[in-house]
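What follows is calculated from the coordinates using simple rules that are stated; it is not laboratory data. Bear in mind the structure is a predicted one, so any value in this text is a computation, not a measurement. Glycine also receives a Cβ, built like all others from the backbone with ideal geometry; neighbour counts cover every protein chain displayed.
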Amino acid sequence: MLSVNLKERNTKVWHNWSGLVRGLPRSVVYPVSIEEVVGIVKACAAEGRKLRVVGSGHSFTRLVQTDDVLVSLDQLQGVIAVDSEKGIAEVWGGTKLDRLGKELHAYGVAQENLGDINAQSIAGAISTGTHGTGERLGSLATQVVGLTVVTAAGEILECSAPQDEELFRAMQVSLGMFGIIVKMKLRVVPSYALRYTSSKMPLSQCLEQLDLLKRENRHFEFYWFPYTDITQVKLTNKTDEVPGTPNRWSYWKVMLMENALFWLLSECCRFIPRLCKPISRLSATAVPDVQEVGYSHRIFATPRLVRFNEMEYSVPADRMRTVLEEIRDAVDRYQFAVHFPIECRYVQGDDIWLSPANGRDSGYIAVHMYRGMEYADFFTKVEEICRRNGGRPHWGKMHTMRAEQLCRLYPKWDAFLRLRQELDPSGVFLNPYLAEMLQQSEQAH
């Protein structure tokens, strides 16, 4: 029996983290078991309704937006079991990355890599191709070894590479179109400590040393501040040092300097856009020299309280310098009102069908614009540069690409769409945004 009420009318507007994407779902439901998830899907299929699954709303596209059923897995969180000998952890799909890191650490294990935001759900993070940085480390989806999915038919499907290689590679990054990921098995490693350093480096020097920096560091990323020749270089490596008690002053300094003060400066830019250039220069001069040791799940995460909109593209790793130099030239030429630094990271290539790193080692370049500021001209120009250099969009970040362009970037594009059609012929898991992007019919509604 379905205890979740799909007849109850929702009156609360849903919005994503940045506030850009908004919608009024007809129903919002929070299943507490796999059986309830099955019941919800079967009810939607029987009534010709649509559903989308929401994690933490950290996607900047309309992936989740729906006027019908919105499913949250917030009640399905936590680590289910850990096999330390095999290095496998089974977790609920709705588990937020912050909680996941802490619970895994209590078992003495950790994920081999993470991004810099830990608010997302693990299912949402893998489904959109979320990544960290490290030229020998893949996206979060590469850590998945098994998936438990509720399909559009309301069936529970267990999927792994040994069971069905093609279906598994398609499901690892599937934008929520193949079903609801209720559980997954992750490859984990023994808990480890990291030493993190942050320092300023001239952009010219950073670009000259890209190969060296990414080769000699487990994790390397850098941020270029527009209208300057300054980058913030972040290097993170494993260490045998024993982490001490987290430094409260360091935490509050980050909250004050990187969040409260930057929010105030961003508000100035929003009201007076011509201040973007001097504020970017001011931010660059304030880049701190930092050294910190901590367990991996704590070091990876960076508090992000200043809200923004974001676009990110993956390009072949050897095109990173070219693309960034073209973006720098465009910023100087068009004088875009942008003060957020441009974030650059590296990810190892993989064989996941819709992964932006499919078949190639990749450089990821992300541009941000403070919430409430005009972003279209800047993002359009950056997207043009990235696409000219073989760029593929991050699925959870803003972009304008559609099927006619995407099919040329992903060798398995047509095979992916065929599998989607087989698993969900009525389009239960499609919304208008996905149907438009993929040029797929929503069928029943």
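Values for this structure:
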| read-out | value |
| --- | --- |
| Computed over the stretch 193-393, Cα set: Rg, Dmax in Å | 17.0, 49 |
| Long-range tail of P(r) for the stretch 105-146 (Cα pairs > 11 Å, %) | 67 |
| Among L212, L275, L114, residue whose mean-square fluctuation peaks in a GNM of the chain (springs only between Cα atoms under 10 Å) | L212 |
| Rounded FRET efficiency, nearest 0.05, which uses the C-beta distance separating T322 from Y192 and R0 of 30 Å | 0.30 |
| Ordering of 122-128, 319-325 by packing [mean C-beta count within 10 Å, highest first] | 122-128, 319-325 |
| For the stretch 189-232, Kirkwood radius (reciprocal of mean inverse C-alpha pair distance, Å) | 11.8 |
| Calculated diffusion of the stretch 385-445, Stokes-Einstein form, Kirkwood radius summed over Cα pairs, 37 °C and 0.692 mPa s, µm²/s | 260 |
| Distance violations [Cα-Cα > 27 Å] among K96/K234; K12/K381; K7/K102; K102/K238; K96/K238; K7/K185 | K12/K381; K7/K102; K7/K185 |
| Most mobile of A43, A337, A357 in a GNM of the chain (Cα contacts under 10 Å) | A43 |
| Expected 222 nm ellipticity per residue - DSSP helices of 4 or more, -39500 (n - 2.57), all of the chain, to 500 | -8500 deg cm²/dmol |
| Volume of the Cα convex hull of the chain, divided per residue and given in Å³ | 138 |
| Reference-scaled alpha-carbon Rg (2.2 N^0.38 Å with N residues) for the stretch 1-133 | 1.14 |
| Potential lengthening between K86 and E216 on full extension [0.36 nm per residue; Cα-Cα distance subtracted] | 43.9 nm |
| Taking all pairs of distinct alpha-carbon atoms in the stretch 113-169, Kirkwood radius in angstrom | 12.6 |
| Mean projection area, nm², convex hull over Cα of the stretch 149-295 | 14.0 |
| Dmax and Rg, reported as Rg then Dmax, of the stretch 79-190 (C-alpha, Å) | 13.2, 39 |
| Between helix 320-334 and the chain: long-axis angle, C-alpha atoms, 0 to 90°, nearest 10 | 70 |
| Length-normalised contact order for the chain - Cα pairs under 8 Å, 6+ apart - percent | 18 |
| Gain in span if fully extended, D229 to R418, counting 0.36 nm per residue against the direct Cα distance | 63.3 nm |
| Over the stretch 346-413, equivalent-ellipsoid semi-axes from the Cα gyration tensor in Å | 23, 14, 10 |
| Segment Y334-D377, length gained on full extension (0.36 nm per residue, minus Cα span) | 14.5 nm |
| Derived scalar couplings ³J(HN,Hα) [the stretch 384-396; Karplus, 6.51 cos²θ - 1.76 cosθ + 1.60; whole Hz; x for Gly, Pro] | 4, 5, 5, 5, 5, 10, x, x, 10, x, 5, 5, x |
| Relative contact order (percent, whole number), the stretch 79-190, Cα cutoff 8 Å, 6+ residue spacing | 33 |
